[in-house]
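Colleague: Below you'll find the structure I mean.
The values are calculated or read from the model by the stated rules, or taken from the named source; none is laboratory data. Everything numeric in this text was worked out from a predicted model, so none of it was measured. Neighbour counts run over all protein chains shown; Cβ positions are idealised from the backbone, glycine included. Side chains included, ligands, DNA and RNA excluded: accessible areas come from the protein's heavy atoms. Shrake-Rupley method; radii C 1.70, N 1.55, O 1.52, S 1.80 Å.
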Amino acid sequence: MMGECWIISVPGGNSTQQKWQELQAPTVGAGLSKNFKFTIPDLKVGTLDALIGLSDDLGKIDGYAEGVCHKVASYMGEVLEQQKDRVEANLKVNDVSYLRYVREFQWNKARYPTKQSLRAISESISKMLSQVDTELRSRSTSYNNLKTNLQNIERKTTGSLLMRNLAQIVKKDDVILDSEYLETLLVAVPLGLTDDWETNYETLSDYVVPKSARLIDKDEEYGLWGVTLFKKVVEEFKYKCSRHKFFCARFQIQR
């Protein structure tokens, strides 16, 4: 697991190198830490009033940046799912680990010119964070939609009979085709109600063809039956089935 990283500001005095050496002795020498220089270029400080006016905004930007970073880490955990132990290894900045990025930090003068005011630089950083946040939401939505679609496909191919694509189960021989009066209705019957179905399906409505019920397929929860009846009583039959907790579906064979 990666260690904790602190950024510490130390008054430079007449010699920043001297202050650096003074910091090294009591920390590194005592085995408390490993120290790295965090180099920041000379920036246009401006007036005291400008700094005071900027201080509140910097606090908000800092909080916003932390929130966006947490979102990125959380999103990474969702994507990796069963490999969440690899989250830290995949959280990179400019293709390096975030800890190494901090240790070897270099100011990006092309993106944040030091000739700009602190106000302009802070606004650029805020805009960049907003872009990252927007892109993250977009990618998260796309990922969740894709994941849902894959789950739906999986349910249709390996789920219960209520969810599966019947076109992968029912064959032409299982249904009546091209009849002006008759139709084959598909009924999913809970396995615990199989006896109830076989005993009563012929009497759920008039014009049900006797002995026409045929088991097409079954899984751990349901049996899929085909039953033949006259088209004019299909809706009545479906209603009676629902009262017995049988699930009906009309099915057309693709020619």
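Colleague: Please go through segment 212-233 and pick out each residue that is closer than 17 Å to Val189 by Cβ, outside any strand (DSSP E or B) and open to solvent by less than 100 Å² (accessible area, probe 1.4 Å).
Modeller: Ser212, Ala213, Asp219
Colleague: Residue under question is Ser242, and the condition is that it be among the small types (Gly, Ala, Ser), open to solvent by less than 40 Å² (accessible area, probe 1.4 Å), farther than 18 Å from Leu177 by Cα and not in a strand (DSSP E or B); does it hold?
Modeller: When the stated conditions are applied, Ser242 does not pass them.
Colleague: Hey, among the residues in segment 91-111 that are part of a loop (DSSP other than H, G, I, E, B), free of Cβ contacts under 8 Å to residues at least 40 places away in the same chain and charged (D, E, K, R), which one's nearest to Pro41 (Cα to Cα)?
Modeller: Once the filter is applied, the top-ranked residue is Arg111.
Colleague: While we're on this one: Taking only segment 185-211 into account, find how many residues are surrounded by 17 or more Cβ atoms within 10 Å (Cβ to Cβ) and free of Cβ contacts under 8 Å to residues at least 60 places away in the same chain.
Modeller: Number of matching residues: 6.
Colleague: Could I ask something else about it? Just to be sure, is Thr114 farther than 24 Å from Glu135 by Cα and either touching a residue at least 40 places away in the same chain (Cβ under 8 Å) or among the aliphatic types (A, V, I, L, M) (or both)?
Modeller: Judged against the criteria, Thr114 is a match.
Colleague: Step by step: first the residues of segment 68-88, then only those that are farther than 11 Å from Ser140 by Cα and either outside any helix (DSSP H, G or I) or aliphatic (A, V, I, L, M) (or both), then the one that is modelled with the highest pLDDT. Which residue is that?
Modeller: If we take residues in segment 68-88 being farther than 11 Å from Ser140 by Cα and either outside any helix (DSSP H, G or I) or aliphatic (A, V, I, L, M) (or both), then Val68 is modelled with the highest pLDDT.
Colleague: Report whether or not Val72 is within 26 Å of the chain's Cα centre (by Cα) and touching a residue at least 24 places away in the same chain (Cβ under 8 Å).
Modeller: For Val72, the condition - within 26 Å of the chain's Cα centre (by Cα) and touching a residue at least 24 places away in the same chain (Cβ under 8 Å) - is met.
Colleague: Within segment 37-61, which residues are open to solvent by 100 Å² or more (accessible area, probe 1.4 Å) and under 38 Å from the mean Cα position of the chain (by Cα)?
Modeller: Of everything in segment 37-61, those that are open to solvent by 100 Å² or more (accessible area, probe 1.4 Å) and under 38 Å from the mean Cα position of the chain (by Cα) turn out to be Asp56, Lys60.
Colleague: Right, something else. Residue by residue through segment 11-57, note down the ones that are hydrophobic (A, V, I, L, M, F, W, C) and in a helix (DSSP H, G or I).
Modeller: Trp20, Leu23, Ala25, Leu48, Ala50, Leu51, Ile52, Leu54
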